[in-house]
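Some notes on the structure that comes next.
Every number here is computed from the coordinates shown, using simple stated rules; none is lab data. As the structure is a prediction and not an experimental result, all values here were calculated from the model. Cβ coordinates were reconstructed from backbone atoms using ideal geometry, including for glycine residues, and neighbour counts include every protein chain displayed.
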Amino acid sequence: MSTVWMNQLSWVDYEARLKRDQPAILLPVGALEQHGPHLPLGTDGMLSSAVAADAAARIGALVAPGLSYGYKSQPKCGGGQHFCGTTSVDAATMIGSVRDAVREFARHGATKLVIVNGHYENQWFITEGIDLGLRDVGGSAALQVMRLEYWDFLSETTLATVFPDGFPGFALEHAAVIETSLMLHYHPSLVRLDLIPEEPPVDFPPYDVYPTRKHWVPLSGVLSSARGSSADKGEAMANELSVRIAAAITHEFG
């Protein structure tokens, strides 16, 4: 059976594949978080899984089932915790999930683990989970771990094409052109173009206040307009992401 999806293999086939090929294991990490009225709550997980699968197909890697819940949504990059449907976990839970995954893949005999993050707020808690997981398995384990945020693999040339009027920055791209275009490429039936809000990029102050100021965030939850999104842009970005992520994995792990 030829598949990049680990959960479609029997344990016998998975073990044989590990022993024979020592493939990289890609672990997508997302979130369950509002993405405006036009995108589904599971956008972060869907995109990290899709990007991981495309990269894995290029290098003979496997994709593990993703971690679907992410760290708490922040107003300046995800809209905040006050939206219905946003379902987040504490830092300790996020760290523990990654820590356990690192330990388990080491126990399987995997030597290369790539964590593909699709939720801006996750990154430092993923890092802590990796550090603690590697500490747990000790120096004798052969496992090496790479962490990446998939959007960092978009080149300036591609971003200039996708954003002819100027790129607002990755933080404000929540539920905007990048994610909407990628969803139009990977999951077009889940995108409601007719519901895209018409709003300028949010101008946040250079500080945070707690409890968070809900009024800082548009009622739609979108931080920058997704107008200008297209499946063609999504396809171009998806192709570049898969090529450049696959190249990075091959460069580091061979």
Heads up, the range 1-79 by the C-alpha gyration tensor (a ≥ b ≥ c square roots of eigenvalues; a/c under 1.5 rounded, else a/b over b/c prolate, else oblate) looks prolate
Based on the alpha-carbon gyration tensor of the range 49-183 and its eigenvalue square roots a ≥ b ≥ c, which shape applies: rounded if a/c is under 1.5, prolate if not and a/b is larger than b/c, or oblate?
oblate
Treating the angle as unsigned and between 0 and 90°, give the value, to the nearest 10°, between the Cα long axis of helix 177-186 and the longest Cα principal axis of the chain.
50
Taking every alpha carbon pair in the chain and sorting the distances into 10 angstrom bins from 0 up to the bin holding the longest one, the percent per bin comes out as 7, 30, 35, 20, 7, 1
Summing Lys, Arg as +1 and Asp, Glu as -1, what charge do residues with Cβ under 13 Å from the Cβ of Leu172 carry, Leu172 excluded?
-3
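Using R₀ = 45 Å, calculate the FRET efficiency as 1/(1 + (r/R₀)^6) where r is the Cβ-Cβ separation of Trp11 and Phe170; round to 0.05.
On the way: r = 38 Å, r/R0 = 0.85.
According to the calculation, E is roughly 0.75.
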I'd like the distance between the alpha-carbon centres of the range 66-113 and the range 173-231, rounded to an integer number of Å.
22
Please turn the phi angles of the range 96-110 into ³J(HN,Hα) values with the Karplus equation 6.51 cos²θ - 1.76 cosθ + 1.60 (θ = phi - 60°), one per residue in order, whole Hz, x for glycine and proline.
x, 5, 5, 4, 5, 4, 4, 4, 5, 5, 5, 4, 5, x, 5
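If Lys and Arg each add +1 and Asp and Glu each add -1, what is the summed charge of the other residues whose beta carbon sits under 9 Å from the beta carbon of Ile130?
On the way: positive: Arg99, Arg147; negative: Glu128, Asp131.
It works out to a net charge of 0.
What does DSSP give for the chain in terms of the percent of beta bridges that are antiparallel, rounded to the nearest 5? Present the calculation step by step, with values, prior to reporting the outcome.
Details: 2 of 18 bridges.
DSSP beta bridges in the chain are roughly 10 percent antiparallel.
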Placed amide H near Val89: partners under 5 Å, 5+ positions off or other chain
Gly70, Tyr71, Lys72
